[in-house]
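Taken together, the values in this text are just the output of simple stated rules run on the coordinates, not laboratory data. What you see is a predicted model; the values in this text were computed from it and never measured. Because the Cβ atoms are built from the backbone with ideal geometry, glycine has one as well, and the counts that use them run over all protein chains shown.
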There are 2 protein chains.
Amino acid sequence: MTAGPSSPVFGPEFQDQLARLLVWRRDVRRFRSDPLPEGVLAQLLDLAALAPSVGLSQPWRFVRVASPERRRLVLANFEEANAEALADYSGAKAALYARLKLSGLREAPEQLAVFADLEPEAGQGLGRRTMPETLQYSTVCAIHTLWLAARAAGLGLGWISILDPGRIARDLDVPESWCLVAYLCLGYPQEEHADPELEREGWQDRAGGRPDLLTR
Amino acid sequence: MTAGPSSPVFGPEFQDQLARLLVWRRDVRRFRSDPLPEGVLAQLLDLAALAPSVGLSQPWRFVRVASPERRRLVLANFEEANAEALADYSGAKAALYARLKLSGLREAPEQLAVFADLEPEAGQGLGRRTMPETLQYSTVCAIHTLWLAARAAGLGLGWISILDPGRIARDLDVPESWCLVAYLCLGYPQEEHADPELEREGWQDRAGGRPDLLTR
C-alpha cells in the first residue's frame, strides 16, 4: 500500500471509542436552553463540510434560524403536521403517539434548516445523471457528520421531519433551487441515553443485532 | 444534566482523531484485490445498524453481490451509464471525464448494494408522513456510518451512482418495495489520501473552509 507520509492509522482504542460514539448518538428532543459556546457551531460546520458528496458537488446549504418570528412559523408548521399525523392513528397507538415528545423546537438554543441545492455549479453534474437524488444524499452525509461531531462535543442533535418542507423553504425565503432535507435542533441534552427514546417509550423496538444480509 | 452511570465523555483527543478520520475518509476507486479478514464485514454491518432512522424504521437492506454473473451485470450497467454520461460533455471536459477512474468494480473484493425498504413495518409510519424520502435518508446515514467505520479499520469504500438503479434492483432480484440508494465497493485501498481524487485530477475543487451560513 502506498501511503503518504502522514497517512494515519486508527488503532483499536479509537475504533472502540468510535463504536461508543455510534452507540450513544441519539436523536435528542429534550434540550437545556443554554447557548452553545462561542465558535462551536462554526467548528461543527467545518467538519460537516468534510462529508462526501456526489462529484464533489458540496450541495449542502445551512440556514441558521434565529429570529423569534421565523421560529414561530416553523413551530406552527410542525404542530399542524404533527396533528395531522396523530389523526392517522387510533386507539392505544394514538394515545401513545400523543404522549411522545417529537421535537425540541421550544427549547433548543440553535436551529438549522439544511437544504440541498439541486442546481449546484460544483461537480458539473458528475455522478448524478441517473441518480439525481444523490444531491440530497450528499447533504444527509453532511448532516450525519455534524450529528456525530456534535455528540463527540457533548451536544445533542434532533432531526425533525414532521413538517411541510416546501412551506419551510418559503417561510425561510431561500433560493428556488434549494430543497429541504432536514430541520435540526441543537443544544446540550438534558439526558444522555444509549437507547432511543422511541424504544424506551414503547413505540418501536430496535431490530437488535446484525441487519439481514442477502447474498446474490 | 442527568446522565446514566456509564454515559461517556468524549475528550479532546478523541475529537481530534474523529476530525482526522473525517479528513482522511475518501471515496476509493483503487482497491487491492485481497479479501477482507473473516468477520470484518459483519462487524461493519453491526455498526451501520446503529445509524439514526426515521421513527426507528431501520429501513436499510444490504445485499452482498458475490457471484461473477451478478457482478458482470452491475459492471455492464455502470459502463453503459458512464458512456452516456461522457456523451454529455465535450472538448477538454470530455477528455478529462474519460480519463477519470470512477469505480473499483473490477478490483474491489466486496460489493454491496444498499436499498431502502419503502414499506418497512418498523416505525409504523412515524416521522415520514410529509417527508417519505426520510427512509432513503436513514439508509444514507447507515451507509455513511459503514463508510467511517470502514476507514477507521483501514478499509476504503467507494460509492457508485453512475448506474440505472431500477435495473440493479431487477438484476439482483430484490423485493418490489426496495429502492436502490447506493452501490458500494469495499476493500483495502491502494493509496491513502487526504484530498479527493476529483480534486487531484482537476475536475472540481473543494469550496475550502466553512460552508456559507445564512441567518434568518
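Could you work out Rg/(2.2 N^0.38 Å) for chain A, with Rg from alpha carbons only?
Relative to the 2.2 N^0.38 Å estimate, chain A comes out at 1.12.
Per residue of A:175-185, count partner chain C-beta atoms within 10 Å of its C-beta, then hand back the mean as an integer.
Numbers: counts 1, 0, 0, 1, 1, 1, 5, 3, 1, 0, 0.
Per-residue shielding by partner chains comes out at 1.
If you bin the C-alpha pair distances of region A:91-140 every 5 Å from 0, what whole percents do you get?
4, 14, 17, 11, 9, 11, 12, 11, 7, 3, 0
What is the sum of charges, Lys and Arg at +1 and Asp and Glu at -1, for the other residues whose Cβ falls under 10 Å from the Cβ of B:Glu69?
Value of the local net charge: +3.
Using a simple charge model, +1 on the beta-carbon of Lys and Arg, -1 on the beta-carbon of Asp and Glu, nothing else, what dipole does the protein assembly as shown show about its Cα centre, in debye to the nearest 20?
Here the size comes out at about 120 debye.
Around B:Glu119, under 12 Å between beta carbons, what's the net of Lys plus Arg minus Asp minus Glu among the other residues?
Spelling it out: positives minus negatives among the neighbours equals -1.
I want the local charge near B:Leu36. Using Cβ-Cβ distances under 15 Å, sum +1 for each Lys or Arg and -1 for each Asp or Glu among the other residues. Don't skip to the answer; put the middle values down first.
Details: positive: B:Arg32, B:Arg64, B:Arg151; negative: B:Asp34, B:Glu38, B:Asp46, B:Glu107, B:Glu110.
Within the 15 Å Cβ shell, the charges total -2.
Compute the Cα gyration tensor for the protein assembly as shown, then decide on rounded, prolate or oblate, letting a ≥ b ≥ c be the square roots of its eigenvalues: rounded whenever a/c is under 1.5, prolate when a/b is larger than b/c in the other cases, and oblate in all that remain. Mind showing how you got there, number by number?
Values: a/c = 1.41, a/b = 1.41, b/c = 1.01.
Rounded.
Checking the cross-link filter: which lysines have an alpha carbon closer than 30 Å to that of A:Lys93, excluding same-chain neighbours under 8 positions apart?
A:Lys101
Evaluate the charge dipole of region A:27-200 about its Cα centre and quote only its size in Debye, nearest 20, assuming +1 on the Cβ of each Lys and Arg and -1 on the Cβ of each Asp and Glu.
The dipole of region A:27-200 has a size of about 180 debye.
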